[in-house]
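Asker: Have a look at this one before I ask anything.
The values are calculated or read from the model by the stated rules, or taken from the named source; none is laboratory data. From a predicted model like this one, the values you see are computed outputs, not experimental measurements. As a convention, Cβ positions derive from the backbone with ideal geometry for all residues, glycine included, and neighbour counts pool all protein chains shown. With ligands, DNA and RNA removed, areas are computed over all heavy atoms of the protein, side chains included. Shrake-Rupley method; radii C 1.70, N 1.55, O 1.52, S 1.80 Å.
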Amino acid sequence: MRAVVFERFGGPAEVRDVPDPVPSDHGVVVRVEATGLCRSDWHGWQGHDPDIAVPHVPGHELAGVVEVVGGRVDRWRPGDRVTVPFVCACGTCPSCAAGDQQVCERQTQPGFTHWGSFAEYVALEHADVNLVAVPDELSSGTAAALGCRFATAFRAVVARGRVTAGEW
């Protein structure tokens, strides 16, 4: 597949051929239809995130189509349109059990803990916990914006700002 790869932090990024990803038993491979560019990607490229190892493929805001499904995935099939949150949860740790997947103790993040969506395909873990269906009437570009930008802003307003219904 073709992907954007950087070999050193802060160094040049280039489009080149790399091996196709393979899903884990609980994961999927998604054909990327849209991906966003975020300030978090810049931080990763600069080496500010200790989870990133080079060579690396960045990108975490994505939407696409499930291509390959791991053997232990129940809810998703090839052809399903999906997106994912910025933090992909394990679904089983105490934080996940409490409904706080965004602070999962074993979280993964495409474009950080593993290769991301600046590629034709991306592998995503714990698909049954993390994938979000994208309706046909929603463009892939819009769906790609929901996982990081929208979710971060929404949580800031609701959880941190404690804005309630009817308030502005």
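Asker: Determine which single condition Leu124 fails, assuming it passes every other condition in (1) within 22 Å of Trp45 (Cα to Cα); (2) among the hydrophobic types (A, V, I, L, M, F, W, C); (3) out of contact with any Pro (no Cβ under 7 Å at 6 or more places or on another chain); (4) modelled with pLDDT of 95 or more.
Answerer: Going through (1) within 22 Å of Trp45 (Cα to Cα); (2) among the hydrophobic types (A, V, I, L, M, F, W, C); (3) out of contact with any Pro (no Cβ under 7 Å at 6 or more places or on another chain); (4) modelled with pLDDT of 95 or more one by one, Leu124 breaks only (3).
Asker: Next up: Would you please name the residue that is surrounded by the most Cβ atoms within 10 Å (Cβ to Cβ), looking only at residues in the stretch 148-168 that are basic (Lys, Arg) and farther than 21 Å from Thr35 by Cβ?
Answerer: The first filter runs over the stretch 148-168 and keeps only residues basic (Lys, Arg), leaving 149, 155, 160, 162.
This time we only want the ones that are farther than 21 Å from Thr35 by Cβ, so: 155, 160, 162.
Numbers: Arg155: 12, Arg160: 8, Arg162: 8.
Only one residue fits best here, namely Arg155.
Asker: Please tell me if His126 is open to solvent by 10 Å² or more (accessible area, probe 1.4 Å) and touching a strand residue (DSSP E or B) at 6+ places or on another chain (Cβ under 8 Å). I'd like the intermediate steps shown before the answer.
Answerer: On the way: open to solvent by 10 Å² or more (accessible area, probe 1.4 Å): yes; touching a strand residue (DSSP E or B) at 6+ places or on another chain (Cβ under 8 Å): yes.
Yes, satisfied.
Asker: For the stretch 46-100, which residues satisfy the criterion of being open to solvent by 40 Å² or more (accessible area, probe 1.4 Å), among the hydrophobic types (A, V, I, L, M, F, W, C) and in contact (Cβ under 8 Å) with a residue 60 or more places away in the chain?
Answerer: Phe86
Asker: Now a separate question. Need a quick list: helices (runs of 4 or more DSSP H) entirely within the stretch 89-152 having at least 1 residues that are hydroxyl-bearing (Ser, Thr, Tyr).
Answerer: Values: elements: 94-97, 127-130, 140-145.
Counting at least 1 such residues, we get 94-97, 140-145.
Quick grid of which residues meet (1) modelled with pLDDT under 95; (2) of a type in the set (Gly, Ala, Ser):
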| site | (1), (2) |
| --- | --- |
| Arg16 | no, no |
| Asp25 | no, no |
| Ala34 | no, yes |
| Ser40 | yes, yes |
| Trp76 | no, no |
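Asker: Here is a further query. Looking at the stretch 68-88 only, could you name the residues that are more than 15 Å from the chain's Cα centre (by Cα) and not in a strand (DSSP E or B)? Quick ask: steps written out before the conclusion?
Answerer: Going residue by residue through the stretch 68-88, those that are more than 15 Å from the chain's Cα centre (by Cα) are 68-80.
Across the stretch 68-88, the qualifying residues are Gly70, Gly71, Arg72, Val73, Asp74, Arg75, Trp76, Arg77, Pro78, Gly79, Asp80.
Asker: Go over the candidates Val30, Val65 one by one and state the one that is part of a strand (DSSP E or B), at pLDDT 95 or above and either closer than 20 Å to Cys90 by Cα or among the hydroxyl-bearing types (Ser, Thr, Tyr) (or both). It would help to see each step written out before you state the result.
Answerer: Values: Val65 fails: either closer than 20 Å to Cys90 by Cα or among the hydroxyl-bearing types (Ser, Thr, Tyr) (or both).
Of Val30, Val65, the one residue that is part of a strand (DSSP E or B), at pLDDT 95 or above and either closer than 20 Å to Cys90 by Cα or among the hydroxyl-bearing types (Ser, Thr, Tyr) (or both) is Val30.
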